[in-house]
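Report on one structure; see the data block that follows.
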Amino acid sequence: MKRLLAFLLCVSAASGLRAAEGPAVPEEGSDARGEEVGLPLFRHWGPKEHGGGVQSWAVVQDERGVLYVANNDGVLEFDGVRWRLIQTVRKTIVRSLAVDGAGRVWVGGRGEIGYLAPGEGGRTVFVSLNDRFGDEGRDLSDVFGTFVTPEGIYFQTRERLLLLGKDGVRSWKPQDSFHRAFYARGRLFVRDLGSGLLELREGRLEPIPG
């Protein structure tokens, strides 16, 4: 009981000191006491500010803290102060991004697969890898999923699942059409519209039980 009374006395004294200080002019987003009123603290950048399209699809951050956004006009790079647009070879939509352990940003776009790297003058540029996949790399649709795994980098389109691994490249085709892919807890899943949810196990796409 004595501890409770002591606590209430401290609170009362602190309130009296605040009142003695006089009224403060509230800032934007705060109440009359100058405290936050629960409004979300956020900043919005529109196309006129970031220089890209009106729609974005994914966002990642490298080890330096630089943000990369998959956008309708390419990849948006943001260092906390300035935005810069990085376009792909074909200047198409970028649908997916992923960052590996070395900090390299992998890019999946409409008809394009590649990664970001320092170019002339240190400016980040897009490096295409379509040729690494032969004929399949020249006939790509939207790359909706890009995943970094111990086996390599997976890229998912509606027509195929591609792997860029240490021992070369591989590909898998759906029964009907791949919808979306997911990488969770070291396991790669992909939905086939013709046969349901599949998991890639030991190089084979197998149905999930049940």
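The alpha carbons of segment 59-167 occupy a box of 39, 29, 24 Å along the principal axes, longest dimension given first. Using R₀ = 30 Å, calculate the FRET efficiency as 1/(1 + (r/R₀)^6) where r is the Cβ-Cβ separation of residue 173 and residue 87; round to 0.05. That pair, residue 173 with residue 87, gives E of 0.50. Extension gain, residue 151 to residue 117: 0.36 nm times the residue separation minus the Cα-Cα distance gives 10.1 nm. Solvent-accessible area assigned to carbon and sulfur over segment 49-123 amounts to 47 percent, based on a 1.4 Å probe. Net charge near residue 64: determine it from the other residues with C-beta under 13 Å of the C-beta of residue 64, scoring Lys and Arg +1 and Asp and Glu -1. Within the 13 Å Cβ shell, the charges total -3. Spin-label pair residue 182-residue 208: with each label point 7 Å from Cα along the Cα-Cβ axis, the two points sit 0.5 nm from one another.
Counting 0.36 nm for each residue step from residue 67 to residue 159 and taking away their Cα separation leaves a gain of 30.2 nm.
The values are calculated or read from the model by the stated rules, or taken from the named source; none is laboratory data. Given the structure is predicted, the values throughout are model-derived calculations rather than measurements. Here the Cβ is made from the backbone with ideal geometry for all residues, glycine too, and neighbour counts use every protein chain on show. Calculation scope for accessible area: heavy atoms of the full protein, side chains included, ligands and nucleic acids excluded. Shrake-Rupley method; radii C 1.70, N 1.55, O 1.52, S 1.80 Å.
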